[in-house]
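Novice: Below you will find the structure I want to go over with you.
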Amino acid sequence: MLSIVVAVGLNNAIGKENGLLWRLPNDLKHFRSITEGHTIIMGRKTFESIGRILPNRRHIVLTRNRDFHFEGVVTASSVREVQDLVSNEDENFVIGGGEIYKQFLPFVRRIYMTEVEIEVDADTFFPEIDRSKWKVIAEKPGVLDEKNTIPHRFITLECI
Ligand SMILES: NC(=O)c1ccc[n+]([C@@H]2O[C@H](COP(=O)([O-])OP(=O)(O)OC[C@H]3O[C@@H](n4cnc5c(N)ncnc54)[C@H](OP(=O)(O)O)[C@@H]3O)[C@@H](O)[C@H]2O)c1
């Protein structure tokens, strides 16, 4: 099974100049707790913006560049190849960025979305989803403190 994990600002903003748009340590913890022990699937640009292997996760990086190699990374050259690499019994997580979300959305059953209440200048966006085809199955407000100052909430959407 494929799921998406994403943090979106207002207007579905997710990134700019191959970086994130806000600092929200709570969301990084949330991301880790969801993905740890599982496979994470990402585009080459997102992998380069992370810049390292995240512990306890199998990494699949999509690239069309056959010369791309990174120790600890499995590369895939198409969506189909990723589907062949992952097992359907496990939950496997598509973690971005914009190009990859768009291509995988039709195959995803669940979306773990952090909604961040911030308006920012962005160059990368999460695709528009038809909310009538998705139901919210879990919802939790983010707790604000001195390190987490932007209002946010964690929702889980499941394909109807
Ligand atoms: N807010 C969030 O939750 C979140 C999460 C992740 C990323 N982001 C942000 O999103 C931005 C990056 O997104 P992006 O859309 O620019 O790039 P991306 O989706 O991370 O990566 C795009 C790259 O993936 C490869 N690719 C795409 N489709 C492919 C296919 N069908 N087969 C094989 N390879 C394929 C290509 O790599 P090659 O060029 O090597 O062929 C392409 O250049 C950054 O700003 C990042 O910070 C935000």
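Novice: What FRET efficiency do you get for Asp145 and Asn88 if R0 is 25 Å and r is their Cβ-Cβ distance, rounded to the nearest 0.05?
Specialist: Details: r = 39 Å, r/R0 = 1.57.
The value I calculate is 0.05.
Novice: Further question on the same structure: Any chance you could run the full-extension gain for Glu158 through Leu10? It's 0.36 nm times the residue separation minus the Cα-Cα distance, nm to one decimal.
Specialist: Gain on stretching Glu158 to Leu10: 51.2 nm.
Novice: Ok, one more. Considering only DSSP beta bridges whose two residues both sit in the chain, what percent are antiparallel, to the nearest 5?
Specialist: Counting DSSP beta bridges with both partners in the chain, the antiparallel share is about 45 percent.
Novice: For the pair Ala138/Ser49, report the inter-label distance in nm, with labels modelled 7 Å from Cα in the Cβ direction.
Specialist: So the label points at Ala138 and Ser49 sit 2.5 nm apart.
Novice: If you don't mind, another one. Grab the DSSP H runs of the chain that are 4 residues or longer, score each as -39,500 (n - 2.57), total them, divide by all residues and round the 222 nm result to the nearest 500 deg cm²/dmol.
Specialist: That calculation yields -5500 deg cm²/dmol at 222 nm.
Novice: Just to compare against my own numbers: the Cα pair-distance distribution for the chain, 10 Å bins, whole % per bin, please.
Specialist: Taking every Cα pair in the chain, the percentages come to 10, 41, 38, 10, 1.
Novice: Hey, got the dipole for the chain? About the Cα centre, +1 on K and R Cβ, -1 on D and E Cβ, debye to the nearest 20?
Specialist: Rounded to the nearest 20 debye, it is 220 debye.
Novice: Something else: Where a ≥ b ≥ c are the square roots of the eigenvalues of the C-alpha gyration tensor, would you call region 1-73 rounded, which needs a/c under 1.5, or, failing that, prolate if a/b is larger than b/c, or oblate?
Specialist: Since a/c reaches 1.5 but b/c is at least a/b, the shape of region 1-73 is classed as oblate.
Novice: Evaluate the Debye formula for region 24-116 with equal point scatterers sitting on the alpha carbons, no solvent, and hand back log10 of I(q)/I(0) at q = 0.12, 0.23, 0.24 Å⁻¹, in q order, two decimals.
Specialist: -0.35, -1.41, -1.54
Novice: Where does each of 24-31, 39-46 land if you order them by average Cβ count within 10 Å, highest first?
Specialist: On the way: 24-31: 16.2, 39-46: 21.8.
The densest-packed peptide leads the list: 39-46, 24-31.
Novice: Between Arg64 and Glu117, what is the FRET efficiency for a Förster distance of 35 Å, r being their Cβ-Cβ separation, to the nearest 0.05?
Specialist: 0.45
Novice: Report, in listed order, any pair from Lys102/Lys147; Lys16/Lys102; Lys16/Lys45; Lys45/Lys102 with a Cα-Cα distance greater than 22 Å. Walk me through the numbers before you get to the answer.
Specialist: Values: Lys102/Lys147 31 Å; Lys16/Lys102 17 Å; Lys16/Lys45 12 Å; Lys45/Lys102 14 Å.
In this structure, Lys102/Lys147 lie more than 22 Å apart at Cα.
Throughout, read-outs are computed from the coordinates displayed, never taken from laboratory work. Remember, predicted model here, so these are calculated numbers, not experimental data. Because the Cβ atoms are built from the backbone with ideal geometry, glycine has one as well, and the counts that use them run over all protein chains shown.
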